[in-house]
């Protein structure tokens, strides 16, 4: 049975070749932290380390003095210059300036200059009069840094990824994340809901414990910005993706409840404001701390630290040096005070669980475990409320920081073509129901009709079909979010506009006219939709479906005409029992109609011609008849494409021009950063080299290896470069630094080379002497296995032995002579006995010895025919009487004799017997 983590080590075991660029990655991009997972050939799933060798990175970037920083470096800038460090960006993705969450963000962080993009109506962070960045551009830079971490870990380029997103993200927010990844140069294999990634990570380590009976687990995730409760069922299911039935584990999301504003950030903001008010009450300065951006940024950082400490301690002092007007701040804060200022937040802790249970139509007594996820669940008061509500102990077995990233990277390996993983099925569920709205003209006027496209908690990926069978002219319909009564009023506001998309169908009348006739029956216009793995709604196509009955005498001619007219030709009668529910009903009082179609039946192409289904009595009658050549009517299903114009509402996607502009902007930043890093590296290399050489020139081995004039020349050159560095050279570019370093390398090359030769020569000579000793010992043995010395073991020829003997002698003489000459020379003179020459001599000798060793390994003693056999053979032919002679001369009897073990003649016997057979 496959183990879940038998990933690619996997690449070998399943026969997948090691190909450069196979690695894939995942990014758990949260509001506060970013975790990056990767998997590459030969390396199991792993979390990528940042430059500080930490497994998670603050999701922060900053711009200061034309320098872009990420993570902890950007956080440091944010304390001193809060306007230039951007945090909690995920809360703003895919939103307009008037969105309630954007207004809440500005209340929390008033120092940002957030303006509206005049073209896209989305948000821009304005840096100065000439520079501004969209949320997608900022997120793309974070994803680009994540890509860099993963590539350093995998040691190869990475282009594909799986990204986690909050499960409550709507269509606009999900598309914005994909576009941010595109700007970062990443292909998104799938957006996976964070709770689904966590459930997958939980399940792959426990897959052996699952069976046909569903096990229910509740995941409670309180992160920085939001809280989610997810009810997941685990069980084994039968699948038939292959020619045979397989039994695989499955995790299915049954219920989801969430609170977008309940999280650690809100607690931290409230604690920050509490500390600010306390400082004002101390009257240390006349200025209001709330009006000072830097002071509030310092208090925000201290509030975050204090919140974490109070989770483990009953009290702890908050202290900030030079908070405002050089006045220090220090205050003892108790856990009771922290819990009091967040009292109403703790009362909301159990609400997501209630909503998840309601959506799943289950009760708490069926839930086997409540697993804690997210840093917010470490707060003791949160755990207290949870334990009281669920009535059981809380499970803390998951790594709350890495569970989502590890689950997502497992999915990435599964989706990638380069890896083989143990199959683990995940079924996600729709959080926001969707419906189709359109107008229908009746005798009483125009009616608004609604049909549910995807209901609450419908599993996906899934396809759906909506059938319009009363429309004879061009018409339009819209897709909107449906009944949202399961959400709180605040959550409905955070969702934004309920409109998703509009579709205008063109050419309906022409398509109907083209397919009219006595033998044609219209089955309506079918609009095909698909909810993909990323939770994105996609319009597939729309077509008019017509069934035509072709009579035997006109079948051939009609079909040949149809072939040039219709774009798609399918045979067979379509499955209709479920699809009928979507057809327009004459009853006027029905406002909503369910679409429970099985698109796999609708989408499945059949043979070009099939016979229509017959009644049971007719089928039975035909079964008893004798076969005849009587032709029967054929039914042909025609699908006439209908042109459809799609328009997405509230879609703030970048068009081609805007995308190119953003890519150019980000590339300029990357180019400037690469040049900055190159300059810093070149400067550091030059400074290090100068200091190193100046130090070494005072050492004895360097003094001996160089002449006084040479050493003085090098010393003077280093002094000039050193003075230049600390004067006009401090602002030079990378090319200048690299050129100076090349000049110094050329000047010191001979001296450093001589030092190296003198230092390494003794070891090289020792290695050569060892090889000579081993070769001489081998030569003594080789002389005993020549034809002249031992006819039965003539492994080597005399020429081969003489050649090796001469080579050993010449090498020994060269070593003795060269070592003596080198010893007589000064260390500052050019080297005569170089390391390379010693290595060349060793290589030649080693090559000759290896040749003879290989020959000895392949040598086999010659087979000597025994005279006894010959005598027996001749005697056998001379005998003419007796059973013994008869048995000896029969070839069949000889074949029956058992062959000695290990005989070399066995293959020949097998071949002979095969030929005889």
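Projecting the alpha carbon convex hull of the range 732-772 along each direction and taking the average yields 3.9 nm². Fully extending the segment from residue 767 to residue 315 would add 155.9 nm, taking 0.36 nm per residue of separation and subtracting the current Cα-Cα distance. Taking a point 7 Å from the Cα of residue 478 along the Cα-to-Cβ direction, the residues of the range 425-451 with backbone N closer than 20 Å to it are 432-442, 446-451. Figure legend: label point modelled 7 angstrom from the Cα of residue 244 along Cα→Cβ; residues of the range 376-420 with amide N under 20 Å from it are 420. For the listed peptides 99-105, 433-439, 769-775, a ranking on the average number of other beta carbons within 10 Å per residue, highest first, reads 433-439, 99-105, 769-775. Considering all different alpha carbon pairs of the range 264-346, the Kirkwood hydrodynamic radius works out to 12.8 Å.
Over the range 112-226, the pair-distance histogram of Cα-Cα distances with 10 Å bins from zero comes to 11, 30, 32, 18, 6, 2, 0 percent, rounded to whole numbers. The modelled label-to-label distance between residue 130 and residue 417, using points 7 Å beyond Cα along the C-beta direction, is 4.5 nm.
Using R0 = 35 Å, the C-beta based FRET efficiency linking residue 672 and residue 539 works out to 0.25.
Between residue 156 and residue 739, the distance separating the two model label sites (each 7 Å from Cα on the Cα→Cβ line) works out to 4.0 nm.
Evaluated on the range 634-757, the Kirkwood hydrodynamic radius is 19.6 Å, with distances taken between all distinct Cα atoms. With the highest mean first, a sort of the peptides 395-402, 139-146 on other beta-carbon atoms found within 10 angstrom per residue produces 139-146, 395-402.
Sorted by mean Cβ packing within 10 Å, highest first, what order do the peptides 347-357, 747-757 take?
By packing density, highest mean first, the sequence is 347-357, 747-757.
Semi-axes of the equivalent ellipsoid of the range 382-490 are 42, 24, 10 Å, computed as sqrt(5λ) over the eigenvalues of the C-alpha gyration tensor in descending order.
The overall shape of the range 191-280, judged from the alpha-carbon gyration tensor, is prolate: a/c is not under 1.5, and a/b is greater than b/c. Does a label point 7 Å from the Cα of residue 343, set along Cα-to-beta-carbon, have any residues of the range 263-296 with amide nitrogen under 11 Å, and which are they? What the label zone holds, given the 11 Å backbone N cut-off, is no residue at all. Projected onto their three principal axes, the Cα atoms of the range 668-862 cover extents of 83, 50, 19 Å, largest first.
Projected label points at residue 817 and residue 97, each 7 Å from Cα along the beta carbon direction, are separated by 9.0 nanometres. Seen through its C-alpha gyration tensor, with square-root eigenvalues sorted a ≥ b ≥ c, the range 639-703 comes out prolate because a/c lies at 1.5 or above while a/b is bigger than b/c. Extension gain for the segment residue 208 to residue 54, taken as residue separation times 0.36 nm less the Cα-Cα distance, is 52.2 nm to one decimal.
FYI, it's all coordinate maths here, none of it is from the lab. Bear in mind that the values here come from a model prediction, so they are computed numbers and not experimental data. Neighbour counts run over all protein chains shown; Cβ positions are idealised from the backbone, glycine included.
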